[in-house]
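Notes follow once the structure below has been shown.
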Amino acid sequence: MKIAVLMKRVPDTASVFKIGADNKSVETDNLKYVMSPYDEHALEEAIQTKEAGKADEVFVITVGPDAAKETIRTALAMGADRAVFVKDDAASDTNCKGTAMILAAALKTEAPELIFAGKQAVDDDASQVPERVAELLDIPHASVVTSFELNDGTALVEREIEGGHYKMEMALPALFTTQKGINTPRYPTLPNIMKAKKKEIKELTFADIGLSAADVASGVTIEEMALPRQDRLNKILDGDNDERVAQLLSVLREEEKVL
Amino acid sequence: MDFGLSEEQEMIRTQVRQIADAFDLEYWRERDKTKEYPQDFLDAFAKAGWLGIAIPEAYGGAGLGTLEACLLLHEICASGAGTSGASPVHFSIFPPMPIIKYGSDEQKQNYLPKIASGEMNLGFSITEPDAGTDTTRISTFAARDGDDYVITGKKVWSSNLQHADRTLILVRTEPYEAVERKTLGMSLFLMDLKSEGITIREIEKLGRHCVDSNELFMDSVRVPATDLIGEEGRGFYHLLSGLNPERLLVAAEAVGIGHAGLDLGIRYAKERIVFNRPIGQNQGIQFPLADAYTKLEVAFLMVMKGAWLYDNDMPCGEEANIAKIRAAEAGFEACDASLQTHGGMGYAKEYHIERLWREVRLFKIAPISQEMALNYVGEHVLGLPKSY
C-alpha cells in the first residue's frame, strides 16, 4: 500500500512578520520556513503505519517554489521514502482551490490508497486544501482525526467534534487530516538526515500534470495588507454610566471610526 | 571561496536546535541548582543518533567531520544549555578520537558502537596536580605485569567520571628521566572505572554543575593490556592529533554560549522600559551588544575555517588556536555585555544570564589557557623564541 502525505512549507510562527513595500504582501526576505506543524502529525502517522507493516511506501507531496525543497528534505529525513514536488513559481498566485487542483492532478498518477494531511496550514489557517483534494479525487475524507487504526481495507478513526468524539469507519482509498494528539512527531535522526539526500525528489511542472498557471490562478486581488494596530488609546472616561457610554460611542465613532 | 553550508549541514543545525530547544532555560536553571546529570537531554540526542556524529559509519556512527561536530555543539550551546548540556555530548565526540584513529579492530568493535548509541559514557583523565600544562611531567605510572598493566598515581580535573564507564587516561609507561624525548614513554589506556583500587572525589566548581570534574586516585589498578590504545610509549602523540579538533569544538561551544547569552541581553534591551523607552535604544546599551555580536561572528568564522582545514587533512594548528582564543574571549564578552544590560536583574538566577556567564568563563582556562594558546601562536606562527 502506498501512502501520500500532503505537506506545506510555512513561515515559522515564531517569525516577526512585516508587510512588504507594496502594502499587499508579507515580506519574505528574513522569514524562516518550516513544515506546517499539523503536517508533521500527518507524516508521523504515515510513517508509523508503514513501520507497523501496514504500508509499503510513504511519499510526501508539495507544491511551491524551489526553496520548498528544504522542507521536503526534512520530511525525507523524518522517514518519508520519496517526494513529489510540483514546482512552479506561479504557484504563489494560486489559492486553496488552485493548490488542491494541482495536488489532485499530481496524485492521480500516483494513486495512493491512503492520504494524510495536516488539519490546516498554520500560515493561512484555511482548512480547505485536503478536503478539496478528496473531493477532486472523488474519495471520502475525515477531518481533524485524533486516532487512526488501519484494518483490512478500512480505516477506523476518531474525529473531534463539538463536545465529544465521533468514531467512524471508512473504506479506502480515503483522505484524513490529522489533529494534535494523534501522535508525537519524531525528530529526524542523524542517520536519516544523511540518507535523505539520496532519496528521490520527483519534480513536476504544471505542464506535466496538464495544468496551466491560468487554470489555477486565484482570481483574487489583494488590495491592501496591514498589521493589527498595537498601540492603545489609554483613555479613561469620566462621569456616570450614561455619560461614559456617550463618550465611548463618540470615541468609537469619531476617533476610531469603527462604528 | 565558498562559505556556505551544505543543505545537510543546514539541516544538522536546524534539527539539533529543535531537540535542544525542547529543554528550555528553566530546565537548565533547575539542573544547575540540583546538579543532576542531564540524562534525559543526553538520551534525546543519543536516540536521534547524534552521539555518533564523528564515529565511522562502520561502527554505528555517521562518519561526519569536525565541522559538523562543531555545528552540533554550537547549536546545543546556542539553545542556552551551556557547558552542562554540551559536555556530555562532547565526551562522546572527543575522547573516542584516539580509539577511532589508533585503536585495534577489536577495541573499535567493542566500544565505538556503544559510544555512538549512548550506552557507554567516557571520561577523560590527562591533567595531574603536579603536571598541568606541562603534560610530559605526568607521573601516574603503568607498569607491565604479565597480561596486565598496573597503574598507580593521581589525576585532577578528570571529567565525567561519576557517569562514565571508562576513562581515557594518559600515563607514563617509561619514566620521564629514562626517555630520549620527554614526549615519548607515555601511553593511553581506556581504563574501566569499576576496577579495584580507584577512588574518585568530585571537585566543587564555579559552573557546569550538572557535569562533574574529579580527582582520580589509582592504587595498583590492574588494567588488561587489551585496553592499551595505540602504541605503547606514543600515547602523547596519539592524543596530540585530537587536540586541534578539540580546540575547535570548544571554540564552537564558547561562541554558542555567547550567542545564547547575547540573545537574552538583546531581548531584555528591547523589553525593558526605563525613562519611557526601551533601554536598547541607548547606544550605551546597544554598542556593547552589537560589538559582542561582531566578535562572535568573527570567531565562528575561524572555527569553521579550522574545522574545514582539519576535515580536509590540512594543518590547522594556527586556526584551532586562534579560534580557541578569540571564541573564549568573544563568548565571555557577549555574556558579560548581556549581564551588564540586565543591570541588577543580571545578578538574579531567574534571568539565566548569570549561569551562562559562569559557564562560559571555563573556556578561557580550558582545555588550555588563553596564555598557552598565545604561546603557540607566538612560537609556531610568528616564529618567536619559545617563552617557557
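None of the figures in this text is laboratory data; all of them are computed from the coordinates on show. Just so you know, these numbers come straight off a predicted model, no measurement behind them. Glycine also receives a Cβ, built like all others from the backbone with ideal geometry; neighbour counts cover every protein chain displayed.
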(request) Return the percentage of antiparallel bridges among DSSP beta bridges fully within the protein assembly as shown, rounded to the nearest 5 %. (result) 60
(request) Just name one of B:L51, B:G82, A:L114: the one whose Cα is farthest towards the positive end of the charge dipole of the protein assembly as shown (beta-carbon charges, Lys/Arg +1, Asp/Glu -1). (result) B:G82
(request) Run the numbers on chain B and let me know its relative contact order in percent, using alpha-carbon pairs under 8 Å that are six or more apart. (result) 16
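Could you line up B:I325, A:I161, B:I169 from fewest to most neighbouring Cβ atoms inside 10 Å?
Placing the least packed residue first, the sequence is A:I161, B:I325, B:I169.
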(request) Rounded to the nearest 0.05, what FRET efficiency do A:D242 and A:S147 give with R0 = 51 Å and r taken as the Cβ-Cβ distance? Could you check? (result) 0.40
(message) Using the Cα atoms of chain A, I'd like the radius of gyration and the largest Cα-Cα distance, Dmax, both in angstrom.
(response) 22.2, 74
(message) Amide H of B:R166 versus every other amide H placed in the peptide plane: which residues, excluding those fewer than 5 positions away on the same chain, fall under 5 Å?
(response) B:N121, B:G123, B:L193
(request) Counting other beta carbons within 10 Å of each Cβ, put A:E243, A:E131 in order, fewest first. (result) A:E243, A:E131
(request) Express the relative contact order of segment B:146-264 as a whole percentage, based on alpha carbon pairs under 8 Å and six or more residues apart in sequence. (result) 34
(request) With label points built 7 Å along Cα→Cβ from the Cα atoms of B:D130 and B:S387, find their separation and express it in nm. (result) 2.8
(request) Compute the long axis of helix B:7-21 from its Cα atoms, compare it with the longest principal axis of the Cα atoms of chain B, and write down the angle in degrees, 0 to 90, nearest 10. (result) 80
(request) Compare the peptides A:93-100, B:94-101 by average per-residue count of other Cβ atoms within 10 angstrom and give them in order, highest first. (result) B:94-101, A:93-100
(request) Return one quarter of the surface area of the convex hull spanned by the alpha-carbon atoms of the protein assembly as shown, equal to its mean projected area, in nm². (result) 38.0
(request) Quantify how much of the Cα-Cα distance distribution of segment A:197-237 extends past 14 Å, in percent. (result) 75
(message) Can you find, among B:Q107, B:P175, B:F217, the residue sitting farthest towards the positive end of the charge dipole of chain B, where Lys and Arg contribute +1 and Asp and Glu -1 at Cβ?
(response) B:F217
(request) Taking the Cα centre of segment B:239-381 as origin, sum charge times position over the Cβ atoms of Lys and Arg (+1) and Asp and Glu (-1), and report the length of that vector in debye to the nearest 20. (result) 580
(request) Name the long-range amide H neighbours of A:K18: under 5 Å, sequence gap of 5 or more, or other chain; modelled H, no Pro or chain starts. (result) A:E27
(message) Given contacts defined as C-alpha pairs under 8 Å and at least six residues apart, what's the relative contact order of segment B:239-381, whole-number percent?
(response) 33
(request) Give me the angle, in degrees from 0 to 90, between the Cα long axis of helix B:25-34 and the longest principal axis of the Cα atoms of chain B, rounded to the nearest 10. (result) 50
(request) Calculate one ³J(HN,Hα) per residue across segment B:373-379 by plugging θ = phi - 60° into the Karplus curve 6.51 cos²θ - 1.76 cosθ + 1.60, and present them in order as whole Hz with x for glycine and proline. (result) 5, 5, 4, 4, 4, x, 7
(request) Kindly write out, for segment B:159-164 in residue order, the coupling ³J(HN,Hα) from the Karplus curve 6.51 cos²θ - 1.76 cosθ + 1.60 (θ = phi - 60°), rounded to whole Hz, with x marking Gly and Pro. (result) 8, 6, 5, 5, 10, 8
(message) 5 Å is the cut-off here: which amide hydrogens, built 1.01 Å from N in the peptide plane, fall below it relative to B:I229, excluding neighbours closer than 5 in sequence?
(response) B:L188, B:F189, B:L190
(request) Lys and Arg at +1, Asp and Glu at -1: add these up for the other residues within a Cβ distance under 12 Å of B:I368 and post the number. (result) 0
(message) Bin width 5 Å, origin at 0, all Cα-Cα pairs of segment B:239-381: what percent of pairs per bin?
(response) 2, 11, 20, 19, 16, 11, 9, 6, 4, 2, 1, 0
(request) With a bin width of 5 angstrom, please list the P(r) values of segment B:7-117 as percents of all Cα-Cα pairs, from the 0 bin to the one holding the largest distance. (result) 2, 12, 24, 23, 17, 12, 7, 3, 0
(request) May I ask for the Kirkwood hydrodynamic radius of chain B, worked out over all distinct Cα pairs and given in angstroms to one decimal? (result) 21.5
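Please report the antiparallel percentage of the DSSP beta bridges confined to segment A:113-259, to the nearest 5.
Counting DSSP beta bridges with both partners in segment A:113-259, the antiparallel share is about 65 percent.
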(request) Could you order peptides B:251-257, A:247-253 by the average number of other Cβ atoms within 10 Å of their residues, highest first? (result) B:251-257, A:247-253
(message) Give me a comma-separated list of calculated 3J(HN,Hα) values for segment B:189-201, in order, Karplus coefficients 6.51, -1.76, 1.60 applied at θ = phi - 60°, integers in Hz, x for any Gly or Pro.
(response) 10, 9, 7, 6, 6, 8, 4, 6, x, 9, 10, 10, 10
(request) Take A:V86, A:V16 and order them by how many other Cβ atoms sit within 10 Å, fewest up front. (result) A:V16, A:V86
(message) Rounded to the nearest 20 debye, what is the charge dipole size of chain B about its Cα centre when +1 sits on each Lys and Arg Cβ and -1 on each Asp and Glu Cβ?
(response) 980
(request) Would you mind counting up the charge near A:K50? Only other residues with Cβ under 12 Å from its Cβ, with Lys and Arg at +1 and Asp and Glu at -1. (result) -4
(request) Obtain the radius of gyration and the Kirkwood radius of segment B:164-233 from its C-alpha atoms and give Rg over Rh. (result) 1.04
